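To start, the structure under review is shown below, and the notes come after it.
Derivation of every value follows stated rules applied to the coordinates shown; laboratory data play no part. These numbers were taken from a predicted model, which means no experiment stands behind them.
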Amino acid sequence: MTYPILKNVPIPSAGVGGRPSKYPLGSLSQGDSFVVPVVDATAKQVRQAVATYSRRNQVSFTVRDVEGGTAVWRK
């Protein structure tokens with residue numbers, strides 16, 4: 001099989017990969033919070049998602065177990 005040589009074709013930008021966040025972490029301002037009900041996710045799942053987002057975006061959060069779910073605050 002032969003492949004044609006293409007000239008002067010611009011390289012497309014490398015968009016952001018992965019799937020969108022399940023939680024509104026990018027929309028939180030300092031002091032804002034939200035609660036994930038127990039029926040939607042375990043505390044471990046929420047903590048892992050927050051830790052991954054925090055590491056990739058250099059943003060700090062606090063996660064606490066509250067009655068009925070897991071709460072996340074942006075620092």
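Note on K75: lysines with a C-alpha under 27 Å away, same-chain residues under 8 apart excluded, are K22, K44.
Here the Kirkwood formula puts the hydrodynamic radius of the chain at 14.9 Å, using every distinct Cα pair.
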